[in-house]
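Undergrad: My structure is below; once you've seen it, I'll send some questions.
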Amino acid sequence: MPKIVDHEQRRRELAEALWRVISESGPTAVSIRTVAAEAGWSPGALRHYFQTREELLVFAMNLSEDRVTERITRLSAEQSPDMPLTDRVAEYAEQLLPLDGTRRAEYRAWESAGVLGEYDKDRAQRWNLQRRLYRQLVASLVGAPVGNPFEPHADPWVEEWAGYLHTQVDGLALELMVTPGMLDADDARQRLRNFLGRIGEAWGYRADP
């Protein structure tokens, strides 16, 4: 009787092996050989699922985005409405910061974008999905209509500050990864909240007659 192969389970095994390689050595260490060895497979067996290193790296980025999306979805259901608004908004933005081992591995997976170059056909979409989140966060923070988050916000002020927040989070993430001794998770959380407070202040100045 032929052996029944659970392909979904095998892809999960590969995903876990790929995650370990990236977490320990970064995306430059990813290859058919290294991931196969980490999974305890032969390179030939792995190629039944991924033909090239580039396919593995795209898979890693997609996996990291799926994890972030899952956490954000859980937040939507679990956050207490009694939590201060700034803290609620900060918790969403924090899902993209490498504040723990899981999120550091995710960040290293996102570094694949630099390794892939033009091979990453979804680069613009990845950027737009992040900007969508920041538009929603800024609008929620100042009580502006969210509108269609996939398009530039109707209010240029909200769109401008969504860009500033995007840059702030990216900068904090890079600093946490490159100079971890100079900025720890608690400092990053506080700096994020301080920045969100500045957004609220700027909106107040703008709204004053």
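Undergrad: Hey, what's the Cα Rg ratio for the stretch 58-207 versus the globular rule of thumb, 2.2 N^0.38 Å?
TA: Ratio of Cα Rg to 2.2 N^0.38 Å: 1.04.
Undergrad: Something else about it: What number comes out for the charge environment of LEU192, summing +1 per Lys or Arg and -1 per Asp or Glu over other residues with Cβ under 14 Å away?
TA: Summing Lys/Arg as +1 and Asp/Glu as -1 gives -2.
Undergrad: Quickly estimate the mean residue ellipticity at 222 nm for the chain, helices only: each DSSP H run with n ≥ 4 gives -39500 (n - 2.57), and the total goes over all residues, rounded to 500.
TA: One gets -23000 deg cm²/dmol as the mean residue ellipticity at 222 nm.
Undergrad: Modelled label-to-label distance, ARG12 and ALA45, 7 Å Cα→beta-carbon offset: nm?
TA: Calculated label separation equals 1.7 nm.
Undergrad: Ok, one more. What is the helix-to-structure angle for 185-207, meaning the angle in degrees between its Cα long axis and the longest Cα principal axis of the chain, kept from 0 to 90 and rounded to the nearest 10?
TA: 40
Undergrad: First select every other residue whose beta carbon is under 12 angstrom from the beta carbon of ARG20; then total the charges, Lys and Arg +1, Asp and Glu -1.
TA: Here the charged neighbours net out to -3.
Undergrad: What distance in nm lies between label points placed 7 Å from Cα along the C-beta direction at THR69 and ASP122?
TA: 0.7
Undergrad: With axes computed from alpha carbons, what is the tilt in degrees of helix 101-110 against the longest principal axis of the chain, rounded to the nearest 10 within 0 to 90?
TA: So the inclination is approximately 80 degrees.
Undergrad: May I ask you to evaluate 6.51 cos²θ - 1.76 cosθ + 1.60, the Karplus curve with θ = phi - 60°, for each residue of the stretch 19-34 and list the ³J(HN,Hα) values in order in whole Hz, giving x for glycine and proline?
TA: Listing the rounded values in order: 4, 5, 4, 5, 4, 7, 10, x, x, 5, 7, 6, 7, 4, 5, 5 Hz.
Undergrad: What is the spin-label model distance, in nm, from LEU174 to ALA77 if the labels are put 7 Å beyond Cα along the C-beta direction?
TA: If labels sit at LEU174 and ALA77, their model points lie 3.6 nm apart.
Undergrad: Which of ALA139, ALA109, ALA45 ends up with the largest GNM mean-square fluctuation for the chain, with Cα atoms connected below 10 Å?
TA: Among ALA139, ALA109, ALA45, the largest GNM mean-square fluctuation belongs to ALA45.
Undergrad: Okay, moving on. Compute the separation of the alpha-carbon centres of the stretch 9-84 and the stretch 85-115 and state it in Å as a whole number.
TA: Between the Cα centre of the stretch 9-84 and that of the stretch 85-115, the gap is 15 Å.
Any read-out appearing in this document is the output of simple, stated calculations on the displayed coordinates, not a laboratory observation. Everything quoted here is computed from the prediction, not taken from an experiment. Note that each Cβ is placed from the backbone with ideal geometry, even for glycine, and that neighbours are counted across all protein chains shown.
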